[in-house]
Amino acid sequence: MKERLQKILARSGAGSRRKAEEFIQAGRVRIDGKVVTEMGIKVDPARHKISLNGKPVSASEEKIYILLNKPTGYVTTLHDPQGRPIVTSLLKGISQRVFPVGRLDLDTEGALLLTNDGDVAQQVQHPSFEVKKTYVAKIKGRLSAEQVQKLESGIELEGRRTYPALLKVRQQTSRHSVVQITIHEGRKRQVRKMFAAIGHPVFSLKRIAYGDLKLGTLPSGKFRILHKKDLDKVFISK
Ligand code: URA
C-alpha cells in the first residue's frame, strides 16, 4: 500500500512528521538508492527500499516508549555538531531507532520520553492534548505569594502570555527556594525564562513528571521501557 513518505519515516522512528519532512528536504532520504527531496511523494514500503542517512528504514518497526532520567550535559538531539554526548547513547540494548519527544536543555535533567512512534510524540507535544509537565526548580531568593500568583495566572513572555501554571513552594531559605511548577506548554527554556522574568533566576532544573507518569526513583542516566498503562498516565492527570 502506498503511503506518504514522511508518514512512513515518522512511523519508523525518524521523528515527528515535521522532522521527517526536514530530512527529506535536506536530501537525507533515498528511495531505491536515489535521493528524493520531493514533498508528499507516495511510496509502497513493501516494494521499495527506503533509507535515511544511509540506513534502511523499516516500515513496521515495533513501537517502543522509553522513560529516561536524563543527566545534565546531554543533548536531546540525535546529532550534535559540537560532539557533546547525546541522550540516545544512554539507551544500551535498545535496537529500535528512537528519538526524544520534545527537548530538555543541556543543563536540565530528569524525565525524558523517547519513542519511535511519531504519532504519540506529536500528541505529547501538541498543545491541544495539554500534557502537563512538572519540574522542580531551585531558584534564587524567596518567592512572594504575589509572585506565585502571578506565575500561576500567566505572565508576558516574549510577547505572548503563558498559560496558567501550578506552583508549589517546597522549600525556602533566604538565599534560594525549591519550587515545583507544572505547565503544559513547551516553549524553549520556558521554566527558566518564567522565573528569570520575575527576578528569580534558576540554579538547577529537573523534570519529574509528564502528566501522572512520574520519574520516581529511576537513577540518573537510567531508563525504563514503558507499558501501555504507563503511557496512558502521560495523557491523564489529576
Ligand atoms: N523549561 C526549561 O527552562 N528548560 C527545559 O529543559 C524544560 C522546560
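The values are calculated or read from the model by the stated rules, or taken from the named source; none is laboratory data. These numbers were taken from a predicted model, which means no experiment stands behind them. Virtual Cβ from ideal backbone geometry, glycine too; neighbours counted across all protein chains shown.
Do we find that Glu146 is in a helix (DSSP H, G or I), farther than 26 Å from Arg84 by Cα and of a type in the set (Asp, Glu) in this structure?
In short, yes.
Residue under question is Ser16, and the condition is that it be under 22 Å from the mean Cα position of the chain (by Cα) and farther than 17 Å from Pro56 by Cβ; does it hold?
Taking the combined requirement at face value, the residue satisfies it.
So the check is Cβ under 7 Å with 6+ separation or different chains; which pairs have a first residue in segment 17-45 that's in the same structural domain as Asn116 (by TED's automatic domain parsing) and a second one that's among the aliphatic types (A, V, I, L, M)?
Qualifying pairs under 7 Å: none.
So which residues in segment 79-106 are modelled with pLDDT under 95, under 23 Å from Val234 (Cα atoms), more than 12 Å from the ligand (Cβ to nearest atom) and not β-branched (Val, Ile, Thr)?
Correct list: Gln96, Arg97, Phe99.
Would you call Ile198 touching a strand residue (DSSP E or B) at 6+ places or on another chain (Cβ under 6 Å), closer than 22 Å to Leu151 by Cβ and of a type in the set (A, V, I, L, M)?
no
Scanning segment 127-137 for residues that are in contact (Cβ under 8 Å) with a residue 60 or more places away in the chain and over 13 Å from Ile208 (Cβ atoms), which turns out farthest from the ligand (Cβ to nearest atom)?
Among those residues, the one meeting the criterion is Phe129.
Here's the yes/no breakdown for (1) within 17 Å of Ala20 (Cα to Cα); (2) crowded, with 22+ Cβ neighbours inside 10 Å; (3) not assigned by TED's automatic domain parsing to the domain that holds Thr217:
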residue	(1), (2), (3)
Leu112	no, yes, no
Asn116	yes, yes, no
Val120	yes, no, no
Ala137	no, yes, yes
Lys140	no, no, yes
Ser144	no, no, yes
Gln149	no, no, yes
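Within segment 3-25, how many residues are of a type in the set (Asp, Glu) and not in a helix (DSSP H, G or I)? Outline the logic, then answer.
First pass over segment 3-25, keeping only residues of a type in the set (Asp, Glu): 3, 21-22.
Then keep just the ones that are not in a helix (DSSP H, G or I); that gives 3.
Here the count works out to 1.
If you check Ser204 against the conditions, is it closer than 22 Å to Tyr74 by Cβ, among the hydroxyl-bearing types (Ser, Thr, Tyr) and not assigned by TED's automatic domain parsing to the domain that holds Glu109?
yes
Read through the list (1) in contact with a Phe, Trp or Tyr (Cβ under 9 Å, 6 or more places away or on another chain); (2) in a helix (DSSP H, G or I); (3) not basic (Lys, Arg), then give the number of the only condition that Leu114 fails.
Result: Leu114 fails condition (2) only.
Is it the case, given these coordinates, that Lys168 is at pLDDT 95 or above, closer than 23 Å to Lys214 by Cβ and exposed (fewer than 15 other Cβ atoms within 10 Å of the Cβ)?
Taking the combined requirement at face value, the residue satisfies it.
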